[in-house]
Each structure stands twice: as C-alpha cells, then as structure tokens.
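Enquirer: Let me begin by handing over the structure; questions about it come next.
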Amino acid sequence: MVLQRVSLLTLGAMRLPELRKFYQLLGWEETEASSDDYAVFKTAGVFLTLFPLEELAKDAGIELQNPMEGFRGVTFAINVNAPEEVDSVMEKVKVAGGKILREPSDAFWGGRTSYFADPENNLWEVAWNPSSVFDERGAMIDF
C-alpha cells in the first residue's frame with residue numbers, strides 16, 4: 001500500500017528569485033532548509049518548495065518542453081476560515097504582483113471562491129467552504 005499522504009509540493013521555477021519574492025510578499029516565511037537555489041515554505045500541512053525548473057526536470061529524468069504555454073492542468077488551493085477572507089487574500093495577492101484570474105464571487109455550492117496566477121502562471125484558488133474542517137495547525141481535514 002502507498003501511504004495516502006501529500007507531504008511536499010515543488011514548483012519548478014523559471015526565475016527562482018522573482019517567484020520566491022512573490023511568496024515572501026504574501027507573508028509566507030521560509031524554513032531554515034532554504035538556500036540560494038531552493039526555497040521551502042511550511043504551510044499548515046504540506047511544504048511548498050521552489051526549485052529551478054531545469055534542475056527539477058533533470059532530477060525527474062524528463063525533457064523540458066515549453067513550460068509557460070497553456071494551462072498545466074494543476075491548481076493549488078488556499079482554503080480560508082471565513083468568506084470575507086477570500087477578498088482580503090486576493091487584495092494581498094494583487095499587492096504582491098499576482099494576476100487575478102477570477103474575482104471573488106459566491107459559488108453555486110455555497111462557498112466563496114477566486115483564482116489567481118503567481119508570476120510564473122501557477123494557478124491558485126482561494127476558497128471558503130462552509131463545511132471545511134481544520135485541525136489545530138490549520139490543515140484541512142475534511143470538507
């Protein structure tokens with residue numbers, strides 16, 4: 001059996017210093033594991049890391065092809081505790097230089113949602129779900 005666990009997500013960075021600065025401007029703090037060539041941000045339940053894209057492709061043993069073209073089929077999510085937090089997070093994203101793809105709006109399923117792209121077009125949803133349950137660390141444990 002493979003453990004049902006996501007421990008770490010790595011974004012391949014085309015311009016690591018710029019991408020790192022964006023997440024720092026969101027107020028995210030790096031861990032001591034960060035270096036000049038690798039950024040590590042501890043979130044509520046998963047580590048988000050930034051690593052040079054070419055090095056990540058080499059490590060995975062794959063050929064790099066047009067990384068900025070089109071939708072990659074992956075989104076990340078930041079689930080918040082209250083509907084008004086969706087709007088306040090998106091304001092911080094704007095100030096940090098993120099691109100708003102979908103303005104905050106009420107969702108048909110009863111929550112509130114919005115989307116943004118970071119400086120390298122990684123897509124993030126910011127959402128409030130009235131049925132989300134978080135543990136004491138802020139990690140979502142049910143929805």
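Enquirer: In nanometres, what is the gap between the two model label sites at Glu18 and Ser131, each 7 Å from Cα along Cα-to-Cβ?
Expert: Between Glu18 and Ser131, the simple spin-label model gives 4.1 nm.
Enquirer: So which chymotrypsin sites (Phe, Trp or Tyr not before Pro) in the stretch 1-77 pass both tests, a DSSP loop state and at most 10 other Cβ atoms within 10 Å of the Cβ?
Expert: Passing sites in the stretch 1-77 are Phe71.
Enquirer: Sort Met140, Met14, Met90 from largest to smallest accessible area, using a 1.4 Å probe on the heavy atoms of the protein chains.
Expert: Met140, Met14, Met90
Enquirer: May I ask you to list the lysines whose Cα is less than 16 Å away from that of Lys92, ignoring any residue fewer than eight positions away on the same chain?
Expert: Output for Lys92: Lys21.
Enquirer: Also: How much of the accessible area of the stretch 54-110, probe 1.4 Å, is carbon plus sulfur, in whole percent?
Expert: Carbon-and-sulfur percentage of accessible area, whole number: 51.
Enquirer: Taking the Cα centre of the chain as the origin, how large is its charge dipole in debye, to the nearest 20, when only Lys and Arg (+1) and Asp and Glu (-1) carry charge on their Cβ atoms?
Expert: I would put it at about 160 debye.
Enquirer: Sticking with this one: Bins of 5 Å, beginning at zero and ending with the bin holding the largest distance: percent of Cα pairs per bin for the chain, please.
Expert: The percentages, shortest bin first, are 2, 9, 16, 21, 21, 16, 10, 5, 1.
Enquirer: Could you give the accessible area per residue of the chain, probe 1.4 Å, as a whole number in Å²?
Expert: Details: 9110 Å² over 143 residues.
Per residue, the chain has 64 Å² of solvent-accessible surface.
Enquirer: Roughly how many nanometres apart are two label points built 7 Å out from the Cα toward the Cβ at Thr10 and Val95?
Expert: Output for this residue pair reads 3.3 nm.
Enquirer: Further question on the same structure: Between beta-carbons, use under 11 Å as the cut-off and find the net charge around Ser34, counting Lys and Arg +1, Asp and Glu -1. Working shown, then result.
Expert: Numbers: positive: Arg20, Lys42; negative: Glu29, Glu30, Glu32, Asp36, Asp37.
Around Ser34, the surrounding residues sum to -3.
Enquirer: What value, in deg cm²/dmol to 500, does the helix sum -39500 (n - 2.57) over DSSP H runs of n ≥ 4 give at 222 nm once divided by the residues of the chain?
Expert: For the chain, the value works out to -6500 deg cm²/dmol.
The values are calculated or read from the model by the stated rules, or taken from the named source; none is laboratory data. All figures in this text were calculated on a predicted structure; none of them were measured in a lab. Note that we place each Cβ from the backbone using ideal geometry, even for glycine, and neighbour counts take in every protein chain shown. In case anyone asks, the SASA skips ligands and DNA or RNA and just uses the protein heavy atoms, side chains included. Shrake-Rupley method; radii C 1.70, N 1.55, O 1.52, S 1.80 Å.
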